[in-house]
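Structure first, then comments.
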Amino acid sequence: MATIVQGYGQTENTGLLTGFNIGDPEEKNLTGKHPDSCGRVMPTFEMKVVDIDNEKILPKGGRGELRVKNKYMMNGYYKMDSSSAFDSDGWFKTGDVVYFDEDDCLHIVDRVKDIIDYALHWIHPSTIEQIVYQHPAVFENFVFGYPHPTDTERTYAVVVLKDEFKNKVTEDELIAFVNERVPNDWYKIRAGLTFLDKMLKTPTGKLRRLAMKQAIIDKKV
């Protein structure tokens, strides 16, 4: 029987940073306990998770940006100013929002650049996207921060409905469904929701989040 596991890697850090050693019975068991995890830290790597606001190191379970150190990581990007890629202590800024669980397994939550800044509160789009997917009519969705003059950004959702539900669910109904289930008031969809027939994607099927966001803001879709 095959065992399928996830790992986490970066070119800047010479490959695989975390993973599961399925030859180790303990780690093999963890693949079932934490199926959405990318595994444990590989030898030679040091990692810390920092608060995005104040750079303080977070305890286990805290969600923040992952910073990495190892003796083989890159010195910088070719012919580019790479100073912003490292913090003041020389740790590489991955740009990934993560947390470590009680078994020291890494979980990827979001990208720093995708986080919504609503009235000085950091909102993880993936949290809202998971709630949107709970509605039986939703085939695909993504959530982003729509610019706002006083709140900085407000939450906006883009949704593709399943064929059998098209023209049977309204934007207001879906917004109400989501807002009743969000973890707190900050996470409510306030900027709006748009139904599309399909998402913009790369040739490999990856969602073009930035292009989609700009198209909505520019009212081109």
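The values are calculated or read from the model by the stated rules, or taken from the named source; none is laboratory data. Just so it is clear, the structure is predicted and the values come from calculations on it, not from any experiment. Because the Cβ atoms are built from the backbone with ideal geometry, glycine has one as well, and the counts that use them run over all protein chains shown.
For the subset of region 110-125 comprising residues that are crowded, with 17+ Cβ neighbours inside 10 Å and touching a helix residue (DSSP H, G or I) at 6+ places or on another chain (Cβ under 8 Å), which member is farthest from Arg208 (Cα to Cα)?
To start, the set of residues in region 110-125 that are crowded, with 17+ Cβ neighbours inside 10 Å comprises 110, 114-116, 118, 122-125.
Adding the requirement that they be touching a helix residue (DSSP H, G or I) at 6+ places or on another chain (Cβ under 8 Å) leaves 110, 114-116, 118, 123, 125.
Working: Asp110: 15, Asp114: 12, Ile115: 16, Ile116: 17, Tyr118: 22, Ile123: 20, Pro125: 15 Å.
Step by step, filter region 110-125, then rank; the result is Tyr118.
Could you list, in sequence order, all residues of region 184-221 that are out of contact with any helix residue (DSSP H, G or I) (no Cβ under 7 Å at 6 or more places or on another chain), crowded, with 16+ Cβ neighbours inside 10 Å and either among the β-branched types (Val, Ile, Thr) or part of a loop (DSSP other than H, G, I, E, B) (or both)?
Arg190, Ala191, Leu196, Ile216
Can you name every residue in region 122-142 that is in contact with a strand residue (DSSP E or B) (Cβ under 6 Å, 6 or more places away or on another chain), closer than 29 Å to Asp51 by Cβ and without any contact (Cβ under 8 Å) to a residue 40 or more places away in the chain?
Those that are in contact with a strand residue (DSSP E or B) (Cβ under 6 Å, 6 or more places away or on another chain), closer than 29 Å to Asp51 by Cβ and without any contact (Cβ under 8 Å) to a residue 40 or more places away in the chain: Pro125, Ser126, Glu129, Asn141.
Of the numbered conditions (1) in a loop (DSSP other than H, G, I, E, B); (2) without any contact (Cβ under 8 Å) to a residue 40 or more places away in the chain, Arg181 satisfies every one except a single condition; which is it?
Unmet condition: (2).
Yes/no matrix, rows are residues, columns are (1) part of a helix (DSSP H, G or I); (2) surrounded by fewer than 16 Cβ atoms within 10 Å (Cβ to Cβ):
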| position | (1), (2) |
| --- | --- |
| Asp89 | no, yes |
| Asp96 | no, no |
| Gln134 | no, yes |
| Phe142 | no, no |
| Ala157 | no, no |
| Glu164 | yes, yes |
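Does Leu174 count as touching a residue at least 12 places away in the same chain (Cβ under 8 Å) and farther than 23 Å from Ser37 by Cα?
Against the criterion (touching a residue at least 12 places away in the same chain (Cβ under 8 Å) and farther than 23 Å from Ser37 by Cα), Leu174 qualifies.
Can you tell me which of (1) among the charged types (D, E, K, R); (2) surrounded by fewer than 16 Cβ atoms within 10 Å (Cβ to Cβ); (3) not assigned by TED's automatic domain parsing to the domain that holds Thr14 is the one Lys71 doesn't meet?
(3)
Which condition number does Asn179 fail, the rest of (1) under 18 Å from Asp114 (Cβ atoms); (2) at pLDDT 95 or above; (3) out of contact with any helix residue (DSSP H, G or I) (no Cβ under 6 Å at 6 or more places or on another chain) being met?
Looking at each condition in turn, Asn179 falls short on (1).
Taking the options Lys33, Lys60, Lys56, name whichever one is at pLDDT 90 or above, under 11 Å from Leu106 (Cα atoms) and among the charged types (D, E, K, R).
Values: Lys33 fails: under 11 Å from Leu106 (Cα atoms); Lys56 fails: under 11 Å from Leu106 (Cα atoms).
Sole residue among the options that is at pLDDT 90 or above, under 11 Å from Leu106 (Cα atoms) and among the charged types (D, E, K, R): Lys60.
Of everything in region 63-73, what is in contact with a helix residue (DSSP H, G or I) (Cβ under 8 Å, 6 or more places away or on another chain) and modelled with pLDDT of 95 or more? Give them in sequence order.
Result: Val68, single match.
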